[in-house]
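Engineer: Next up is a structure, given as structure tokens.
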């Protein structure tokens, strides 16, 4: 009777085994709603760029106010990532997956009614909190449903969606802000439509069977696994997992501290130079007529999209380390050349930045894959959230410290510092980055446990 009651809660009978076609349709839906969250993240960052000047004039904002608004989403992610990860591990992936999008819908709709700088800051902060929670629940959820043979590819697609969302957002903001512009509140509020569609699309999605299993709700986990998981091997692997409750402190235990250090620092060292170079690159692009306007906002992102696409296409065949370690060492050399060759022709510098953009995006794809693989189920959410929070510290440092460094010490010195940051990330990755290609989640999470 207990078995039947738990199965009824899950909405299926224990003996039900759905068709392969059904499971593939479900996986397509899961991919769509998860990549949609990342697309939305990129969209809100892209759409605000073309309207910042109008926004600043309309609200009488100072340069300091603009810096505060630009950093609001980063602060929000810093809060939302660990908080969302903790909640996802404690209360389940499914409720948080709905709550974070509901918060995003609310905050996004508030953009239509902004009447002060303070309100704009709060709105962007709330959107950042929702995005942070999305990071810490979306990637674990994807890793727990995706078949091992496709897991890297499917999780990497989320990064492709982020770049796509940024370009769509920037393009939409630019077009809507043409000589007869729409109100800037309406332009940035267009993200509400995407958020509402995603919220509706998430209704009725199941809880993660691995999370249920980790909480000892084995019959519910089996029922959902039989209905939705494509691979019998993944179902068997779930049953091999230990039933236990995780705690945040375990991230720093003797058993898991290396995985926490690797994922966090690898992610930190990837995003710090990315956000820094986004500020400096315009000075190079202006020599080629690519600064400002649509080309300036989207140009380098196209190279990054190619880097992500190549990685997504090959990650499950070539392995993780190939796209983790070598790109960082090459990027370090790129920064050393830029920093030491101060008289390099603009064409050479531009070429080096394009190489950086390609390799950084290739390397950055792994920031969406490793957290969901190396952390065990009971701390997968909070581990991903903690690493995301550390990465946002890197993003903030890159955004705010580079202009100061360039002004005080010059571009060459700033590039040498970037080379040092990348060197530290490359060294950590060389020593600790695991090869998780084709392995089950139990195997990938156990890699650091011995």
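Engineer: For a Förster distance of 45 Å, can you work out the FRET efficiency between the beta-carbons of residue 404 and residue 149, rounded to the nearest 0.05? Each step should come with its number before you reach the end.
Structural biologist: Numbers: r = 47 Å, r/R0 = 1.04.
Result of the calculation: an efficiency of 0.45.
Engineer: Mind pulling the angle between the C-alpha long axis of helix 151-176 and the longest principal axis of the chain? Nearest 10 degrees, somewhere in 0 to 90.
Structural biologist: For helix 151-176, the angle is close to 40 degrees.
Engineer: As I understand it, the value is the acute angle between the Cα axis of helix 20-47 and the longest principal axis of the Cα atoms of the chain; what does it come to in degrees, rounded to 10?
Structural biologist: The helix 20-47 is inclined about 30 degrees to the chain.
Engineer: For the residue pair residue 113 and residue 196, what label-to-label distance in nm results when each label sits 7 Å from Cα along the Cα-to-beta-carbon direction?
Structural biologist: So the label points at residue 113 and residue 196 sit 1.5 nm apart.
Engineer: Run the numbers on segment 2-446 and let me know its relative contact order in percent, using alpha-carbon pairs under 8 Å that are six or more apart. Please list the in-between numbers first.
Structural biologist: Numbers: 755 pairs, mean separation 115.0, N = 445.
Across segment 2-446, relative contact order equals 26 percent.
Engineer: Report the extension gain between residue 347 and residue 53 in nm, rounded to one decimal, defined as 0.36 nm multiplied by the number of residues separating them, less their alpha carbon distance.
Structural biologist: 102.9 nm
Engineer: Another one. Expressed as a whole number of Å, what is the distance separating the alpha-carbon centroids of segment 327-375 and segment 60-102?
Structural biologist: Centre-to-centre distance over Cα atoms comes out at 28 Å.
Engineer: Tell me what the chain gives for mean residue ellipticity at 222 nm when only DSSP H runs of n ≥ 4 count, each as -39,500 (n - 2.57), the sum divided by the residue total, rounded to 500 deg cm²/dmol.
Structural biologist: On the way: 20 runs with 348 residues, N = 450.
Rounded to the nearest 500, it is -26000 deg cm²/dmol.
Engineer: Additional query: Taking 7 Å along the Cα-to-C-beta vector as the label spot, tell me the residue 310-residue 178 distance in nanometres, rounded to one decimal.
Structural biologist: The two pseudo-label positions are separated by 3.5 nm.
Engineer: If I stretch the segment between residue 322 and residue 239 completely, what's the gain in nm (0.36 nm per residue apart, minus their alpha carbon distance), one decimal? Before the final figure, lay out each step's value.
Structural biologist: Numbers: separation 83, 0.36 × 83 = 29.88 nm, distance 3.10 nm.
Extra length available between residue 322 and residue 239 comes to 26.8 nm.
Engineer: Another question, then. Within segment 142-166, which residues have the backbone N less than 15 Å from the label spot 7 Å out from residue 231 along Cα→beta-carbon, could you tell me?
Structural biologist: Inside the label zone: 142-156.
Engineer: Also: How far is it, in nm, from the label point at residue 171 to the one at residue 413 when both lie 7 Å from their Cα along the line to the Cβ?
Structural biologist: 4.2 nm
Any read-out appearing in this document is the output of simple, stated calculations on the displayed coordinates, not a laboratory observation. These figures come from a predicted structure and were not determined experimentally. Cβ coordinates were reconstructed from backbone atoms using ideal geometry, including for glycine residues, and neighbour counts include every protein chain displayed.
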